[in-house]
Structures are given as structure tokens and as C-alpha cells.
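K.L.:
Before anything else, here's the structure in question.
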Amino acid sequence: EVSSGPGGNAAAVLLAGDSAGDVRAHEVEGDGGEGRRRLMLGHTASMLTCLRVADLDDGGVRRRFLITGDRDERIRISHFPATHEIRGYALGTDGFVSSVDAG
């Protein structure tokens with residue numbers, strides 16, 4: 001679920017990555033229809049290979065993060081749904097990032 005903003009209602013969303021490296025949130029309507037779409041983040045000139053939303057401990061506070069990986073050996077960790085707040089990167093992995101696990 002993603003909040004539409006301060007005091008806004010939470011909405012169920014489907015996250016989808018594309019071959020251009022962007023992640024979009026697609027709001028799911030109660031009747032199964034599709035509502036608004038929102039660009040959440042983008043990797044630079046790379047194909048996304050995985051994404052995961054995880055609730056993790058951040059200095060004693062539970063926070064929700066969006067973790068994305070790409071074929072160019074980069075992993076990005078962003079706050080979710082405020083993905084402009086980047087928590088960190090993992091750069092220079094040994095190869096193609098095919099999946100991420102958090103817990």
C-alpha cells in the first residue's frame with residue numbers, strides 16, 4: 001500500500017519495472033480496474049532485473065524500503081513510498097543482479 005500524501009488514503013498498488021530501468025506504481029481500484037500510475041524511481045540506462053519491498057530496521061525504527069537491482073551490477077535501496085530518499089547503493093557486485101533478499 002502507498003499513501004497518496006500527508007493525510008491521504010492508502011491505496012493498493014502493483015509495482016512494475018521496465019526495460020528502461022524505471023519502476024512505476026499502478027494503483028489498483030477496488031473493482032479490479034487500474035487507477036493512477038506514478039513513476040517511483042529510475043536506474044540510469046539499465047534494465048531492472050529485480051525489485052522488492054521490505055520492512056527493515058533503520059537505527060531502531062522499522063521502515064519500508066524499495067530495493068532494486070539491475071543488470072549492470074548495481075543495487076539501490078530507497079525509502080518507500082518516498083523513493084526520492086535514497087538510503088544507499090551497493091555497487092560493484094561480482095556480476096549480474098538476478099534477485100535481492102532482505103530480512
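K.L.:
Could you order 75, 86 by accessible surface area, starting with the largest, using a probe radius of 1.4 Å?
P.N.:
Ranking 75, 86 by accessible area, largest first, yields 86, 75.
K.L.:
Considering only protein heavy atoms and a probe of 1.4 Å, how much of the accessible area of segment 17-103 is carbon and sulfur, as a whole percent?
P.N.:
Taking all protein chains in place, segment 17-103 shows 45 percent carbon and sulfur surface.
K.L.:
From the protein chains alone at 1.4 Å, what is the descending order of accessible area for 97, 61, largest first?
P.N.:
61, 97
K.L.:
Quick one: 3J(HN,Hα) in Hz for segment 68-76, Karplus 6.51/-1.76/1.60 with θ = phi - 60°, rounded, Gly and Pro as x.
P.N.:
With the stated coefficients, segment 68-76 comes to 10, x, 9, 6, 9, 6, 10, 10, 10 Hz.
K.L.:
Still on this structure, I have one more. Calculated FRET efficiency, residue 19 and residue 99, Cβ-Cβ r, R0 22 Å, to nearest 0.05?
P.N.:
Calculated value: 0.80.
K.L.:
With point charges of +1 on the Cβ of Lys and Arg and -1 on the Cβ of Asp and Glu, referenced to the Cα centre of segment 37-103, which listed residue (90, 40, 69) lies farthest in the positive direction of the dipole?
P.N.:
Projecting each Cα onto the dipole axis, the largest value belongs to 40.
The values are calculated or read from the model by the stated rules, or taken from the named source; none is laboratory data. From a predicted model like this one, the values you see are computed outputs, not experimental measurements. Please note: Cβ atoms are built from the backbone with ideal geometry, for glycine as well, and neighbour counts cover all protein chains shown. In case anyone asks, the SASA skips ligands and DNA or RNA and just uses the protein heavy atoms, side chains included. Shrake-Rupley method; radii C 1.70, N 1.55, O 1.52, S 1.80 Å.
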